[in-house]
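I have placed the structure first, in the form of structure tokens, so that the comments after it can refer back to it.
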Amino acid sequence: MSVTVINYDRDVTRWEPNARGRLEQAAMKLYVERGFEQTTVADIAKQAGLSERTFFRHFADKREVLFWGSGALQELLVSSIASAPAEVSPIEAIAGALETAGALLQERRDGALLRQSVIAANAELQERELIKLASLASALADALRQRGVRDPAASLCSETGIVVFKVAFGRWISETNPQSFPYLIRELFDELKGVAAGD
């Protein structure tokens, strides 16, 4: 009786604990030390002690290390708007959703600071960040429309929300001892209401 021997590719079958986290940490370290342009996928994989194949199982390219969480952020914002009480105004629904996202990011401030320093040093990454924000604004507007908010109100509220988010984020990462990110978001929305009311 013959026995068939199956040889498995070790790289395919080997389980790497927290491979995504290790790759992300290695990439951020190298992006800060060498710069984004000078860092290759091979460098990241080597730094993480993993193969390039493992890298591509988790990320489409080296930019995705910086942007892979965008989908989860969008889902959080949209679900927050969808679950807001019916009596809440569109701008308050947006404010509440952004505060929820801000609370999540608050827990990851050190990583956000590193990520922002990498993006700020590269024009291509800055463009990608703007595209991400535009996509978030579009998703927020769609979520408001699902609540029955018509345009232009849905678009105005969502675009305004993203501007508030950007300004609050800039303050949050630039201050030595900042207020919490959700606090800054709420403070700016309150200030905006005061401006609109003529205060």
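The values are calculated or read from the model by the stated rules, or taken from the named source; none is laboratory data. Every value quoted in this text rests on a predicted model; they were computed, and no experiment measured them. Here Cβ is always computed from backbone atoms with ideal geometry, including for glycine, and neighbour counts include all displayed protein chains.
Miscellaneous remarks
- Members of segment 140-168 found to be buried (at least 16 other Cβ atoms within 10 Å of the Cβ) and in contact (Cβ under 8 Å) with a residue 60 or more places away in the chain, listed by number: LEU140, ALA143, LEU144, ALA154, CYS157, SER158, THR160, GLY161, VAL164, PHE165, ALA168
- Tally, over segment 19-60, of residues that are among the small types (Gly, Ala, Ser), closer than 20 Å to GLU124 by Cβ and in contact (Cβ under 8 Å) with a residue 24 or more places away in the chain: 2
- A single entry from GLY35, GLY96, GLY69 fulfils the requirement of being out of contact with any Phe, Trp or Tyr (no Cβ under 7 Å at 6 or more places or on another chain) and at positive phi: GLY35.
- Scan of segment 168-194 for residues that are modelled with pLDDT under 85 and under 16 Å from CYS157 (Cβ atoms), ordered by number: none
- The criterion of at least 2 residues that are among the polar types (S, T, N, Q), out of contact with any Asp or Glu (no Cβ under 6 Å at 6 or more places or on another chain) and free of Cβ contacts under 8 Å to residues at least 40 places away in the same chain is met by the following helices (runs of 4 or more DSSP H) wholly inside segment 64-122: 70-82.
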